[in-house]
Amino acid sequence: PSTWTDQFERRFYDADYSKIAPNLSKDTFAACFAYDKENEAAWRSYMYNNIKTNSLCFRLTINRKRLREAMKKDGRCVYYEGPVVYLREYTIANLHLCGAPGAKSLHNAFFHNRAFGHDDFLSLMLLKREFFKHENEIRYFAVPKQEIADEYIYIDLGLDPESNSIIEKVTVTRPFGNFKLTEEELDQIAEELPIDRDLLETFNPYDDYDG
């Protein structure tokens with residue numbers, strides 16, 4: 001969350017909790033996924049950064065049950081997950097104010113009715129403006145049990161389709177023009193990256209139709 005660029009997403013990460021939770025640790029790793037497998041708006045927004053360089057766009061379809069099991073086996077962190085809650089910008093901006101119209105009940109739920117804990121902190125990390133509602137996200141959080149020297153947490157994704165892979169499918173497209181890749185190009189990607197060829201596919205979101 002410390003790298004999120006949206007000031008409204010970072011609002012509750014950057015906040016000072018010393019008065020209500022003096023021992024709160026903000027050390028948290030996060031990963032965001034969309035519930036929808038087919039979402040043109042989300043696909044377009046995430047591939048936008050690839051347009052200038054004409055870099056390939058990759059969409060990973062994950063098995064949430066297998067990801068959850070892999071998280072439990074990893075002993076370095078405590079893992080949480082939850083759906084993103086989309087709220088009005090006003091509500092997010094004024095949630096810290098106990099008397100703000102339209103935000104009072106939510107304020108009380110987090111800050112007034114009980115002691116503020118790490119679960120509350122992570123729940124605040126699930127709040128996002130309605131402007132991004134089309135993304136329909138779920139977020140996974142990893143909270144280190146102790147200080148970790150490496151700034152990243154790695155989980156074995158198991159990229160062999162016959163070994164209960166967490167990643168079920170990898171869809172590759174170009175960011176514009178001729179979106180679909182050729183079979184030869186997919187073969188080359190499979191050789192260059194640690195991805196089994198059977199997991200790779202390509203599509204054109206604007207003219208692929210099986211009907």
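Whole-Hz ³J(HN,Hα) for each residue in the stretch 57-72, computed from phi via Karplus 6.51 cos²θ - 1.76 cosθ + 1.60 with θ = phi - 60°, x for glycine and proline: what do you get?
Values per residue, Gly and Pro as x: 9, 10, 10, 9, 9, 10, 9, 5, 5, 5, 5, 4, 5, 5, 5, 5 Hz.
Could you tell me the calculated FRET efficiency between residue 180 and residue 60, based on Cβ-Cβ distance and R0 = 22 angstrom, to the nearest 0.05?
According to the calculation, E is roughly 0.75.
In square angstrom, rounded to the nearest 10, how much accessible surface does residue 107 have for a 1.4 Å probe?
20 Å²
With r defined as the distance between the Cβ atoms of residue 74 and residue 46 and R0 fixed at 30 Å, what FRET efficiency is calculated, to the nearest 0.05? If you can, show how the numbers build up before the last one.
Values: r = 26 Å, r/R0 = 0.88.
Efficiency for this residue pair is about 0.70.
DSSP loop (so not H, G, I, E, B), at most 16 other Cβ within 10 Å: list which GluC sites (Glu not before Pro) in the stretch 1-91 pass both filters.
Numbers: sites: 9, 38, 40, 69, 81, 89; in loops: 38.
Answer in residue order: 38.
Going down the list 72/128; 26/169; 104/145; 37/73; 19/133, which pairs span over 30 Å between their C-alpha atoms?
26/169; 104/145; 19/133
Any idea of residue 79's accessible area? Nearest 10 Å², probe 1.4 Å.
Solvent-accessible area, nearest 10 Å²: 50 Å².
Once the whole set of protein chains is in place, how much accessible area is left on residue 131, using a 1.4 Å probe, in Å² to the nearest 10?
Near enough 150 Å² of accessible area.
The values are calculated or read from the model by the stated rules, or taken from the named source; none is laboratory data. What you see is a predicted model; the values in this text were computed from it and never measured. Virtual Cβ from ideal backbone geometry, glycine too; neighbours counted across all protein chains shown. Ligands, DNA and RNA are stripped out before the accessible areas are found, and what is left, the full protein with its side chains, is counted by its heavy atoms. Shrake-Rupley method; radii C 1.70, N 1.55, O 1.52, S 1.80 Å.
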